[in-house]
Amino acid sequence: MKKVNNKKPSFLFIGRNSAEGIFSKKNKKLLSDPLDDNNPITVQVLGICSALAITVQLKPAVVMTASVIFVMACSNVIISILRNLIPNRIRIIVFLVVISSLVALVDQFLKAYAYDVSKELSIFIGLIVTNCIVMGRLEAFALGNGVWKSFLDGIGNAIGYGIILILVAFFRELLGSGNLWGMQVVPDFLYESWYVNNGLMLLSPMALITVGIIIWIQRSFNKKLIEKG
Amino acid sequence: MWEDYANLFIKSIFIENMVFAYFLGMCSYLAISKTLKNGVGMGLAVIFVLTITVPLNYLIYEYLLVDGALSWIGPEYAQLDLSFLSLIMFIAVIASMVQLVEMIVEKFSPALYGSLGIFLPLIAVNCAILGGSLFMQIKDFSGISEAAVYGFGSGVGWFLAIVAIAAIREKIAYSNVPAPLKGLGITFIITGLMALGFMSFMGIKL
């Protein structure tokens, strides 16, 4: 399959429509849409695999979010640069190679500079490779759009993913162990009088139920997301 | 010896269930569980691919990648530690195996291809498959048969999970769920409750 590329240098940077400003309304929408209306976790149902298991505490969740932001932004940009060169039939393998090299980079970096966190995240950093959110955005967006737009889309979706992750981790750590970021926030006198930590929140099933409740709350405010049928 | 295998098998199905304990393969679990028929097809494909790729990746890891694995070539290679390449190797093996399996099934059993066919490409990006290989790397199995049992067991666990949720979702279509919870939300909550149920298997030993 040969594609004649007659729009020569335009595939670099801003895209074919260079009259459009860098932060035009459309581009801002790319960034803000995935935060609510098109959230990768609660609406597109992408990237749940690795999202839930690491939300017992705030710190691994934040590290995970940062890694996903890095991987998504870079892979979206790379695929978007290469998008006219990749043969359609082998695109999945090309995606996998690009993503897994980036993830290996993150993995080695964390092992070198944040060993205890990387130990805690264990295989879940590696699982960013098969995180459907990265794959899904590459397929759905970066393959058909300019570099700058793909970059914004990557950042936006990764932040949308991160918000849910951090929300879930916030409630699980607060209610489950009375800590935030490893430090105690529930005051001692509460423990002495009547308060007891809810140990159930630390177990993995509660992550699913917390996400279910977040979806419930989000959809009761944002009626157009309600599923029909 | 057989006891160990049986223990590992039970453990990988119930206690360390891919979906309920580690949330692996959740995306396809949620996307393909709308009808029971599709759920069964996807589950079978996952069992199939996990049983092949985990032992294969075990061999690659053990004889090519791990610290000192290359000593069978010669003593001067014994220093090499290529385990940082494991992620890329695993995913390459999985993607190519899936392609291969797809071609073989298409050639020899068109009927099976008809029912599994559309799910096979999806599997390359199913986290449960890569997760199986990565857990194999952490668990440090003593032989290829253990790795194979582990792969098969986790596949069966995933199959059980998707079949159960698909059956529940077919029923729940007729119940009166609050509108904002419909579809995705209630599926999450049901999965959470099922995971709580599966926790009761913890500590079972043969």
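Bear in mind these aren't lab numbers, they're just calculated from the coordinates by the rules spelled out. Note that the structure is predicted; figures quoted are calculated from it, not measured. Reconstructed Cβ throughout: ideal geometry from the backbone, glycine too, with neighbour counts over all protein chains shown.
Can you list the HN-Hα couplings for the stretch A:138-153, worked out from phi with the Karplus curve (6.51, -1.76, 1.60; θ = phi - 60°), rounded to whole Hz and with x for Gly and Pro?
Result, ordered by residue: 4, 5, 7, 10, 5, 5, x, 9, x, 5, 5, 4, 5, 4, 4, 4 Hz.
Would you please give the FRET efficiency between residue A:108 and residue A:77, computed as 1/(1 + (r/R0)^6) with r the Cβ-Cβ distance and R0 = 25 Å, to the nearest 0.05?
It comes out at approximately 0.75.
Can you list the HN-Hα couplings for the stretch B:23-28, worked out from phi with the Karplus curve (6.51, -1.76, 1.60; θ = phi - 60°), rounded to whole Hz and with x for Gly and Pro?
With the stated coefficients, the stretch B:23-28 comes to 6, 8, x, 5, 5, 6 Hz.
Where in the stretch B:134-151 does the amide nitrogen come within less than 20 Å of the point 7 Å from the Cα of residue B:1, taken along Cα to Cβ?
Output list for this probe position: B:141-151.
Please return the longest stretch of chain A lacking exposed loop sites, where trypsin sites (Lys or Arg not before Pro) count only if DSSP places them in a loop and at most 14 other Cβ atoms lie within 10 Å.
A:17-227
Amide H to amide H under 5 Å from residue B:177: which residues, 5+ apart in sequence or cross-chain, H placed 1.01 Å off N in plane?
none
How high is the FRET efficiency between residue B:167 and residue A:200 when r is their beta carbon distance and R₀ equals 25 Å, given to the nearest 0.05?
With a Förster radius of 25 Å, E is 0.45.
Which net charge results when you count Lys and Arg as +1 and Asp and Glu as -1 among the other residues whose beta-carbon is under 14 Å from that of residue B:140?
-2
Once phi is turned into θ = phi - 60°, what whole-Hz ³J(HN,Hα) does the Karplus curve with 6.51, -1.76 and 1.60 give for every residue of the stretch A:77-94, x standing for Gly and Pro?
Karplus-based 3J(HN,Hα) across the stretch A:77-94 equals 5, 5, 5, 5, 5, 8, 4, 8, 9, 7, x, 4, 5, 9, 5, 4, 5, 4 Hz.
Just want the answer: with Cβ charges of +1 for Lys and Arg and -1 for Asp and Glu, which residue in B:68, B:154, B:5 is farthest toward the dipole's positive end in the stretch B:1-154?
The Cα lying farthest towards the positive end belongs to B:154.
Based on the Cβ-Cβ distance of residue B:85 and residue A:193, what FRET efficiency does E = 1/(1 + (r/R0)^6) give at R0 = 60 Å, to the nearest 0.05?
For residue B:85 and residue A:193, the calculated efficiency is 0.60.
Pull the list of chain A cysteines that no other Cys approaches to under 4.7 Å, Cβ to Cβ.
A:74
Once you have the Cα-Cα distance between residue B:202 and residue B:106, take 0.36 nm times their residue separation minus that, and quote the gain in nm to one decimal.
Result: 30.6 nm gained on full extension.
Please list, in chain and number order, the residues 5+ apart from residue A:180 or on another chain whose amide H is under 5 Å from its amide H, with Hs placed from the backbone.
Correct list: A:185.
Which angle from 0 to 90°, rounded to the nearest 10, does the C-alpha axis of helix B:184-198 make with the longest principal axis of chain B?
Helix B:184-198 sits roughly 60 degrees off the main axis of chain B.
Using only the C-alpha atoms of chain A, find the volume of their convex hull and express it per residue in Å³.
Cα-based convex hull of chain A, divided per residue, equals 163 Å³.
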